[in-house]
Structure formats: C-alpha cells, structure tokens
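**Student:** Take a look at the following structure, please.
Read the figures in this text as sums done on the coordinates, not as results from a lab. These numbers were taken from a predicted model, which means no experiment stands behind them. Glycine also receives a Cβ, built like all others from the backbone with ideal geometry; neighbour counts cover every protein chain displayed.
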Amino acid sequence: MTASFSGAPISARILQIRKTLPPTVRLIAVTKQVSAEAVRAAYMAGVRDFGESRIQEAIAKQAELADLTDITWHFIGHLQTNKVQQALTHFDWIHSVDSLKLAKRLNHLAAELPHPPHCCLQVKIVPDPPKYGFDIDDLWQALPQLDQCTALKIVGLMTIPPYGRETAELQMIFQQARELASAINQRGFSHIQMQQLSMGMSADYPIAIAAGATLIRLGSTIFGARPNALPQQV
Ligand SMILES: *Cc1c(COP(=O)(O)O)cnc(C)c1O
C-alpha cells in the first residue's frame, strides 16, 4: 500500500472521467493497493462505489473509513470458500461469482442475512486459462442450479478480457457478454435477471461502455499505477 497519492489529482481525474460517462453507467473506484487516505479523497469527489479484490486488505481499509457510512463495497476478486462469510459481512456486491460451488456456499450463508447480496456471474467469453470464471458452456449448465440460489440476487454478468487484446477483439468480447446476458434473460429463469454488465477497466472502459456496460471498475486511471501491478492477477 502507498500513501503517495494526494487528493487533488484524484478528484480532478474523477471529474474528468465522470464527464464522459453516460448516466446509465455506475463508476466503481477500485482501491486495491490504494491507501485509505486516497479512498477518502475519491469519496470527497463524490464516489460512493468502491471495489476491492482481497478480503483482508479490504477489511483493514474499511475500518479506517468506518465514518463513511454510505459507501457501497464491491468485491471483485477471486473469493476462496473459507472467506465467504467475511465477504458477505463486508461487501454489498460480489462481482466475481466464478463457480457453482462458490454460489452455493454464498447462498447457504446469505440465507441468514437481512439483505441478499447482489451478485454477478464471472464469465470467460474467450478461453483464458489463468483466470477464474465460468466458461460459457459451464455457465449454461450451471444456470438451473444458480437459479435456485434464492438467497442471492444474481443481477448480471462480469467479464475481464484476456490481457493485451486489440480493440476489435475487445469490442467482440464485450458485445458477446451483452448478448449472453440477453440470451439468459430470454430463457426466463424464475430468479435470475441479468440487468447489469460489470465490464470495463482503465484500459478498455470506453469500449465496454459502447457495448453496454453498466458497471465499470476503474483503478489506475483514478489512483495512478499500482506499485506491483500484475495485469493477470485477478
Ligand atoms: C484491479 C482490477 C480492476 C481495475 O484495474 P485498472 O486497470 O487499474 O483499472 C478492475 N477489475 C478487477 C477485477 C480488478 O482486479
């Protein structure tokens, strides 16, 4: 973590990004490896949605920001089964539901909660072995059982394209994610309604928005490059 960011450039960058966003798009500021102080600067600039990918790091930071009571916290990293309870306690959204096993575990523990967590199913539109997520075929197979996870609000798809792809391929990937969400809706599951597309990061968010993204997850373009950025580590 680093404390080298100052508030002024953060708010200026947020203002700049905001100007380009259609009203249908929700900006999530991704704060992994970002200090609580920098999170606070983004909050002061009006951001209320924050994303973290590591439970331990997030919990420590949330404790420092406990006075900011109207933040919506989004979990966006791979969630290990033994951290599900903590994730449910500390996050309102889980974008990275990447297996049926994880969904069932979340569903089991969420049954005790007053508010069901909002969940997105993480899908790999093109093969990407290092990443977590459902392959498209696996997702279709799992959907009837996911539809029975009624303690979860499964509201959308999340996707991360493989690193370093050209614009044309990114367009195709994001477009296919959108079409997949429509195809799922047309199937008429009783509980699952795909209204959200969580896609678009610093390098590709304008392309994702053009394809219909409703939630964009921006880190480095707001806070600067992370000290040990590993593009494939998600
Ligand atoms: C780190 C991360 C982001 C933000 O990445 P940037 O390229 O810094 O915008 C978005 N989504 C996920 C899942 C991430 O892990």
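**Student:** Give me the dipole magnitude in Debye, nearest 20, for the range 10-222 about the Cα centre, with unit charges on the beta carbon: positive for Lys and Arg, negative for Asp and Glu.
**Tutor:** For this selection, approximately 200 debye.
**Student:** Residue by residue, what Karplus-based ³J(HN,Hα) values in Hz, rounded to whole numbers, does the range 179-194 have, using 6.51, -1.76 and 1.60 with θ = phi - 60° and x for Gly and Pro?
**Tutor:** 5, 5, 4, 5, 4, 5, 4, 5, 6, x, 5, 6, 10, 7, 10, 8
**Student:** Using +1 at the Cβ of each Lys and Arg and -1 at the Cβ of each Asp and Glu in the range 1-117, identify which of Ser35, Leu109, Thr24 lies farthest towards the dipole's positive end.
**Tutor:** After comparing all options, I get Thr24.
**Student:** For Met158, which sequence-distant residues (separation of 5 or more, or a different chain) have an amide H within less than 5 Å of its own amide H, given hydrogens modelled in the peptide plane?
**Tutor:** Leu121, Gln122, Val123, Ser198
**Student:** Then there is this: Over the range 39-174, consider all pairs of different Cα atoms and compute the Kirkwood hydrodynamic radius from their mean reciprocal separation; express it in Å, one decimal.
**Tutor:** When all Cα pairs of the range 39-174 are included, the Kirkwood radius is 15.9 Å.
**Student:** Right, next: Please give me, ordered by residue number, the chymotrypsin sites (Phe, Trp or Tyr not before Pro) of the range 45-136 that lie in loop per DSSP and have at most 13 other Cβ atoms within 10 Å.
**Tutor:** none
**Student:** Compute the whole-percent fraction of alpha carbon pairs in the chain spaced more than 31 Å apart.
**Tutor:** 18
**Student:** Using unit Cβ charges (K, R positive; D, E negative) and no other charged atoms, how large, in debye to the nearest 20, is the dipole of the range 120-221 about its Cα centre?
**Tutor:** Computed about the Cα centre, the dipole is about 280 debye.
**Student:** Can you compute 3J(HN,Hα) from phi for each residue in the range 147-156, using the Karplus curve 6.51 cos²θ - 1.76 cosθ + 1.60 with θ = phi - 60°, rounded to whole Hz and x for Gly and Pro?
**Tutor:** Working through the residues one at a time gives 5, 8, 7, 7, 7, 10, 9, 7, 10, x Hz.
**Student:** Kindly provide the GluC sites (Glu not before Pro) of the range 33-141 that DSSP labels as loop, not H, G, I, E or B, and whose Cβ sees at most 14 other Cβ atoms within 10 Å.
**Tutor:** Glu112
**Student:** Let me ask something additional. Which whole-Hz ³J(HN,Hα) couplings does the range 198-208 yield from phi under the Karplus relation 6.51 cos²θ - 1.76 cosθ + 1.60, θ = phi - 60°, glycine and proline marked x?
**Tutor:** Those phi angles translate into 8, 7, x, 10, 3, 7, 9, 5, x, 5, 5 Hz.
**Student:** With n ≥ 4 as the cut-off for DSSP H runs, can you work out [θ] at 222 nm for the chain, using -39500 (n - 2.57) per run divided by the number of residues, rounded to the nearest 500?
**Tutor:** Rounded to the nearest 500, the figure is -11500 deg cm²/dmol.
**Student:** Ok, one more. Could you pull out every one of the lysines with an alpha carbon less than 25 Å from that of Lys104, ignoring same-chain neighbours closer than 8 positions?
**Tutor:** Qualifying lysines at Cα under 25 Å: Lys83, Lys124, Lys131, Lys153.
**Student:** Within a 10 angstrom radius of the beta carbon, how do Met201, Met194, Met158, Met44 rank from fewest other beta carbons to most?
**Tutor:** Met44, Met201, Met194, Met158
**Student:** Right, another one. List the equivalent ellipsoid semi-axes of the range 41-97 in whole Å, largest first, each obtained as the square root of 5λ for an eigenvalue λ of the Cα gyration tensor.
**Tutor:** Listed largest to smallest, the semi-axes of the range 41-97 are 20, 12, 9 Å.
**Student:** So which residue, out of Ile136, Ile125, Ile28, gets the largest mean-square fluctuation from a GNM of the chain using Cα contacts under 10 Å as springs?
**Tutor:** Comparing Ile136, Ile125, Ile28 in the GNM, the peak value goes to Ile136.
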